[in-house]
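The values are calculated or read from the model by the stated rules, or taken from the named source; none is laboratory data. This is a predicted model, so every value here is computed, not measured. Cβ atoms come from the backbone with ideal geometry, glycine included; neighbour counts cover every protein chain shown.
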Amino acid sequence: MTTLPQSLLPMTSSVGSNGNLCIGGVDTLALAETYGTPLFVYDEAHIRARCREAVRAFGPGVAYASKAFLCKTMARLVADEGMHIDVASGGEMHVALAAGVPASRLVLHGNNKSRRELRVAMEQGVHRIVVDSFDELDRIESLVAEGLHAPAVLLRITPGVEAHTHEFIQTGQDDSKFGFGVRAGHAQEAIARAQQSASINLVGLHAHVGSQVFDVSSFEKVIEVLAPIFNPLGLEELCIGGGLGVAYVEGERSDGLVEWGESIRRACAAHEVTARITAEPGRSIIASAAVTLYTIGTIKEIPGVRTYVSVDGGMSDNPRPVLYGSGYETFLPRAVSEPREAVVRLVGKHCESGDLLVREGRLPADYAVGDLVATPVTGAYGYALGSNYNKVPRPAVVFVSDGVATEVVRRETWDDLLRLDL
């Protein structure tokens, strides 16, 4: 019997006089009553605190990796806190620009950027384009030949470092769809070509080893590999990417953003890297800032096997357990401090046996149909990776702060599912 570790809850979480979980001074049961479930609830003060830590760790050039979660309100918030924004597609760029974030604060990523995406980025004047392939160099040169200005470019280098994380979210190993490989000689070839091209303003190198990485030695190994390549070039910026892991379940522990930055700077000093060091944290900014609220609809006890607790969401709002085997905790917001005596399998409403949210969840023994059940640390890659599978509408998103809830993404309706049908 264990209670929920409070460290997994958003920063401003508290227990109200009625025993209910409050975030940002707002009762979560009242939020569910007002906005329905499933519902993503984000602690605005928590997000702002993490943004400030990132700026403190890496300086104002640090970029929020918006693939973790993006909407116009989120884009404005991180920009207000002094961060740039890493956008990985034309769509993410469009949302950030629509939010009023200047293009000069955007860094464009992607392993297969289209001519249209590159054209918009160059016309708008994005801060950096992180070039990922020789084909992309061709496209940029052709756009400059049409009259566009040469963009500021970082070359994404694949360092051959295998981070200790799930194979689907490793990106720095030799066998990767991302970047120019060091061992294959492509990194050196790309650097030489960029230096010689009048269409490329090469300002730095970039590397990213993967996501949900707890062992900071993986990042230090990247510095060790890149320093001999980077130092002779005299470039102004070295970007270490993102990927710092966060704790999702009881017993996990992760370094903070400031500690991560300090370890990177120590590694740079050891290898005589004196350029400006930047980074692109996403998960570590947003993941633990949110909880997802669901309503229990069905309880199915199979004697001698297990108990299935089905909720009104599932793999359409959090596909991480299906994709990566990711683990989460479970709790009842009406009894957040109570012992969790019952072991259940939390599942969704989709027509898939694999529609799993929490394999071995724990709840107080008196849980019942109609109860709210919550999963913490769902701020990253839940809504962002979500879908309309089985034509299930996407949830609403609310930000809470100082006793006020603000709906920043409205809930989809069944009619929304028909918007694109002809």
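With respect to R276, determine if the residue is assigned by TED's automatic domain parsing to the domain that holds R105 and surrounded by 12 or more Cβ atoms within 10 Å (Cβ to Cβ).
Numbers: assigned by TED's automatic domain parsing to the domain that holds R105: yes; surrounded by 12 or more Cβ atoms within 10 Å (Cβ to Cβ): yes.
It is true that R276 is assigned by TED's automatic domain parsing to the domain that holds R105 and surrounded by 12 or more Cβ atoms within 10 Å (Cβ to Cβ).
Got a sec? Which of R265, R276 is modelled with pLDDT of 90 or more, more than 27 Å from R193 (Cβ to Cβ), among the charged types (D, E, K, R) and more than 18 Å from the chain's Cα centre (by Cα)? Spell out the reasoning first.
On the way: R276 fails: more than 27 Å from R193 (Cβ to Cβ).
Of R265, R276, the one residue that is modelled with pLDDT of 90 or more, more than 27 Å from R193 (Cβ to Cβ), among the charged types (D, E, K, R) and more than 18 Å from the chain's Cα centre (by Cα) is R265.
In region 292-306, is there at least one residue being buried (at least 24 other Cβ atoms within 10 Å of the Cβ) and closer than 22 Å to S211 by Cβ? Write out each step before concluding.
First pass over region 292-306, keeping only residues buried (at least 24 other Cβ atoms within 10 Å of the Cβ): 292-294.
Next, only the ones that are closer than 22 Å to S211 by Cβ stay: 292.
Looking for residues that are buried (at least 24 other Cβ atoms within 10 Å of the Cβ) and closer than 22 Å to S211 by Cβ, one finds at least one in region 292-306, hence yes.
With a cut-off of at least 3 residues that are over 23 Å from W260 (Cα atoms) and small (G, A, S), name the helices (runs of 4 or more DSSP H) lying wholly within region 49-140.
Helices (runs of 4 or more DSSP H) meeting the threshold: 90-98.
Residues being over 30 Å from V408 (Cβ atoms) and either hydroxyl-bearing (S, T, Y) or assigned to a helix (DSSP H, G or I) (or both): count how many of those fall in region 277-297.
Let us first name the residues in region 277-297 that are over 30 Å from V408 (Cβ atoms), namely 277.
In the following step, the residues that additionally are either hydroxyl-bearing (S, T, Y) or assigned to a helix (DSSP H, G or I) (or both) were identified as none.
Within region 277-297, residues that are over 30 Å from V408 (Cβ atoms) and either hydroxyl-bearing (S, T, Y) or assigned to a helix (DSSP H, G or I) (or both) number 0.
I'm trying to understand the selection: among the residues of region 133-168, which are within 20 Å of G181 (Cα to Cα), surrounded by fewer than 16 Cβ atoms within 10 Å (Cβ to Cβ) and at pLDDT below 95?
Within region 133-168, H164, E167, F168 meet the criteria.
Filter region 371-389 down to the residues that are assigned to a loop (DSSP other than H, G, I, E, B) and either buried (at least 19 other Cβ atoms within 10 Å of the Cβ) or out of contact with any helix residue (DSSP H, G or I) (no Cβ under 9 Å at 6 or more places or on another chain) (or both) and list them by number. First the steps, then the outcome.
The first filter runs over region 371-389 and keeps only residues assigned to a loop (DSSP other than H, G, I, E, B), leaving 371, 377-388.
Listed by number, the residues that qualify are D371, V377, T378, G379, A380, Y381, G382, Y383, G386, S387.
Go through region 37-54 and report how many residues are farther than 25 Å from R410 by Cβ and surrounded by fewer than 19 Cβ atoms within 10 Å (Cβ to Cβ).
Final tally of qualifying residues: 2.
Tell me, please, whether a residue that is at pLDDT 95 or above, polar (S, T, N, Q), in contact with a helix residue (DSSP H, G or I) (Cβ under 8 Å, 6 or more places away or on another chain) and more than 20 Å from T307 (Cα to Cα) can be found in region 409-422.
Scanning region 409-422, I find no residue that is at pLDDT 95 or above, polar (S, T, N, Q), in contact with a helix residue (DSSP H, G or I) (Cβ under 8 Å, 6 or more places away or on another chain) and more than 20 Å from T307 (Cα to Cα), so the answer is no.
Taking V343 as the residue in question, decide whether it is among the hydrophobic types (A, V, I, L, M, F, W, C) and either surrounded by 14 or more Cβ atoms within 10 Å (Cβ to Cβ) or closer than 17 Å to P38 by Cβ (or both).
Numbers: among the hydrophobic types (A, V, I, L, M, F, W, C): yes; either surrounded by 14 or more Cβ atoms within 10 Å (Cβ to Cβ) or closer than 17 Å to P38 by Cβ (or both): no.
Against the criterion (among the hydrophobic types (A, V, I, L, M, F, W, C) and either surrounded by 14 or more Cβ atoms within 10 Å (Cβ to Cβ) or closer than 17 Å to P38 by Cβ (or both)), V343 does not qualify.
Can you tell me which condition G314 does not meet? The list is (1) in a strand (DSSP E or B); (2) assigned by TED's automatic domain parsing to the domain that holds S353, and all the others hold.
(1) is the only condition that G314 fails.
Kindly indicate whether V397 is modelled with pLDDT of 95 or more, within 20 Å of S284 (Cα to Cα) and outside any loop (DSSP other than H, G, I, E, B).
Values: modelled with pLDDT of 95 or more: yes; within 20 Å of S284 (Cα to Cα): yes; outside any loop (DSSP other than H, G, I, E, B): yes.
For V397, the condition - modelled with pLDDT of 95 or more, within 20 Å of S284 (Cα to Cα) and outside any loop (DSSP other than H, G, I, E, B) - is met.
Among (1) modelled with pLDDT of 95 or more; (2) buried (at least 24 other Cβ atoms within 10 Å of the Cβ), which single condition is G234 missing?
G234 satisfies every listed condition except (2).
Against the conditions (1) over 30 Å from S353 (Cα atoms); (2) assigned by TED's automatic domain parsing to the domain that holds A384, where does K300 fall short? Just the number, please.
The single condition K300 does not satisfy is (1).
Do you know which of the residues in region 7-48 that are assigned to a helix (DSSP H, G or I) and of a type in the set (D, E) is farthest from the chain's Cα centre (by Cα)?
Filtering region 7-48 for residues assigned to a helix (DSSP H, G or I) gives 7-8, 28-35, 44-48.
Now narrow it down to the ones that are of a type in the set (D, E): 33, 44.
Values: E33: 28, E44: 16 Å.
So, considering only residues that are assigned to a helix (DSSP H, G or I) and of a type in the set (D, E), the one farthest from the chain's Cα centre (by Cα) is E33.
Given the conditions (1) surrounded by fewer than 19 Cβ atoms within 10 Å (Cβ to Cβ); (2) over 30 Å from L417 (Cα atoms); (3) modelled with pLDDT under 95, which single one is not true for G325?
G325 satisfies all of (1) surrounded by fewer than 19 Cβ atoms within 10 Å (Cβ to Cβ); (2) over 30 Å from L417 (Cα atoms); (3) modelled with pLDDT under 95 except (2).
Do you know which residues across region 336-365 are more than 25 Å from the chain's Cα centre (by Cα) and acidic (D, E)?
E338, E341, E352
From the list E412, E407, which one is surrounded by fewer than 22 Cβ atoms within 10 Å (Cβ to Cβ) and either part of a strand (DSSP E or B) or touching a Leu at 6+ places or on another chain (Cβ under 8 Å) (or both)?
Unique residue meeting the criteria: E407.
Looking at (1) under 26 Å from G403 (Cα atoms); (2) in contact (Cβ under 8 Å) with a residue 12 or more places away in the chain, which is the one condition that is false for S14?
Among (1) under 26 Å from G403 (Cα atoms); (2) in contact (Cβ under 8 Å) with a residue 12 or more places away in the chain, S14 violates only (2).
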